[in-house]
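Only one structure is covered here, and it is reproduced in the block below.
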Number of protein chains: 2
Amino acid sequence: MTPPNQPQPPSADAPDREARHQQRMARKQAVIQSHITAADQRRGVLLIHTGNGKGKSSAAFGLVARALGHGLGVAVVQWVKSRSDTGEEAFFRRQPGVAWQVMGEGFTWDTQDRQRDQEAARRAWAAAVPYLTDPKVGLVVLDELTYAFKYGWLDLAPVLAVLAARPAGQHVVITGRGAPPELVAAADTVTDMGMVKHAFQAGVAAMPGVEF
Amino acid sequence: MTPPNQPQPPSADAPDREARHQQRMARKQAVIQSHITAADQRRGVLLIHTGNGKGKSSAAFGLVARALGHGLGVAVVQWVKSRSDTGEEAFFRRQPGVAWQVMGEGFTWDTQDRQRDQEAARRAWAAAVPYLTDPKVGLVVLDELTYAFKYGWLDLAPVLAVLAARPAGQHVVITGRGAPPELVAAADTVTDMGMVKHAFQAGVAAMPGVEF
């Protein structure tokens, strides 16, 4: 007889359920372990965050935190600067080990000056190249670079050449909508961030800490 | 006659091209401005990062940086803990204004113990509730919470009730694959992070600073 105030025994089918769970998970673990064993290259990776949904730049900033936590040096170059009060810039500029460069001029529909946009985009690329050749920089974020290709501010071929020749251990993250197919082909990890819905559509303003 | 060493005049169609660009961007700016004016609610938003691609948790950690940059208090609760050496934990634990709780027990295929997983998931939820009722916490990250629903560790209804009753200005980010439809319905902003490709498939090991 079970004494009072003791846990009740599980129902009759519970041991079976637990055992089935254990067996299923053991099989899953074996499959995953074999994949992990097969993935044995250690090198810098090129990541692309593209698509129309929210999260492309924030996922890059999350990797900045992750890289700093492992003691890597980080450089961030931003192509499109729509405002000067972003939380990420305020926060990361005060962290040691981070170089932060904003070279863009704002959205092209705000400047309305193609020539000026192009010059700003080329200055941003000129600022990025030294990081992409410096093995002490473990992670380079090229934020919203894809717009430079979309609007014809930069040619893709020389950018691909610099990326291909970068230090072997260096990770690079490129963000922005409409990543060109040649850039996707050159990348190791590509995420398409699809918009299911956005608070803006429901009339919510851009909130600090979320949108900027 | 153009003197030597002066910039050459643009080709005949260039002024047209610049003018067309300016007009197109002015129209675009007007449309965007009208949308911005219409989005005038200021409140906390509920974000979901789901899908099979990389970036769900890193985008949440990017928002942590963004929120800290705006002086918000932040709390992070993690459901699935596969390793103890993550860069994000090392980095954010040393930042003022961040509470970081890891309550999960690792992937369920590693523990292979459904009962233990469920207890850990419920402890994690019990730890999250005080943050979700505290107006001094501006951003709460519930990292990989969706697995608690997938594996039946937590019921969705009480979670939805706590989210609905949270302080009006508080932002919440929930990450993980397979977000349940009721959770998506309750959210303001939902991104489905689709995997186009992943370095792991090409044999690259999980690199510190990128994957953890």
*Residue identified as in a helix (DSSP H, G or I) and within 30 Å of B:M207 (Cβ to Cβ) among A:A67, A:A99, A:A120*: A:A67
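Quick grid of which residues meet (1) at pLDDT below 95; (2) touching an Asp or Glu at 6+ places or on another chain (Cβ under 6 Å); (3) surrounded by 14 or more Cβ atoms within 10 Å (Cβ to Cβ):
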| site | (1), (2), (3) |
| --- | --- |
| B:P158 | no, no, no |
| B:Q170 | no, no, yes |
| B:R177 | no, no, yes |
| B:A185 | no, no, no |
| B:F200 | yes, no, yes |
*Which residues, counting only those in segment B:12-34, are in contact with a helix residue (DSSP H, G or I) (Cβ under 7 Å, 6 or more places away or on another chain) and not polar (S, T, N, Q)?*
B:E18, B:H21, B:M25, B:K28, B:I32
*Do the conditions hold for B:L47, that is, is it facing chain A (nearest Cβ under 10 Å), in contact with a His (Cβ under 9 Å, 6 or more places away or on another chain), assigned to a helix (DSSP H, G or I) and not small (G, A, S)?*
no
*Has segment A:131-147 got at least one residue that is at pLDDT 95 or above, within 27 Å of A:G97 (Cβ to Cβ), exposed (fewer than 15 other Cβ atoms within 10 Å of the Cβ) and not charged (D, E, K, R)?*
yes
*Residue that is more than 19 Å from B:R66 (Cα to Cα) and more than 13 Å from chain B (Cβ to nearest Cβ), where the choices are A:P135, A:P181*: A:P135
_Restricting to segment B:188-202, and then to whatever is outside any strand (DSSP E or B) and at the interface with another protein chain (Cβ under 7 Å from one of its Cβ atoms), can you tell me which residue is farthest from A:A205 (Cα to Cα)?_
B:A202
*Here are some residues: B:V184, B:V140. Which one is out of contact with any Pro (no Cβ under 6 Å at 6 or more places or on another chain) and assigned to a strand (DSSP E or B)?*
B:V140
*When A:P208 is evaluated against the numbered criteria (1) assigned to a loop (DSSP other than H, G, I, E, B); (2) surrounded by 21 or more Cβ atoms within 10 Å (Cβ to Cβ), which criterion, by number, is the only one it fails?*
(2)
*Which residues, taken from segment A:70-86, are facing chain B (nearest Cβ under 8 Å) and either closer than 20 Å to A:A206 by Cα or within 12 Å of the chain's Cα centre (by Cα) (or both)?*
A:T86
*Answer yes or no as to whether B:A19 is at pLDDT below 90 and on the phi < 0 side of the Ramachandran plot.*
yes
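Let's see how each residue does on (1) surrounded by fewer than 24 Cβ atoms within 10 Å (Cβ to Cβ); (2) at pLDDT below 95; (3) of a type in the set (F, W, Y):
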residue: B:R43; (1), (2), (3): yes, no, no
residue: B:L46; (1), (2), (3): yes, no, no
residue: B:G55; (1), (2), (3): no, no, no
residue: B:L72; (1), (2), (3): yes, no, no
residue: B:V76; (1), (2), (3): no, no, no
residue: B:S84; (1), (2), (3): yes, yes, no
residue: B:Q95; (1), (2), (3): yes, no, no
*Tell me which of these A:K54 doesn't satisfy, since it passes every other one: (1) within 7 Å of another protein chain (Cβ to nearest Cβ); (2) assigned to a helix (DSSP H, G or I); (3) out of contact with any Phe, Trp or Tyr (no Cβ under 6 Å at 6 or more places or on another chain).*
(2)
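The values are calculated or read from the model by the stated rules, or taken from the named source; none is laboratory data. Everything quoted here is computed from the prediction, not taken from an experiment. Virtual Cβ from ideal backbone geometry, glycine too; neighbours counted across all protein chains shown.
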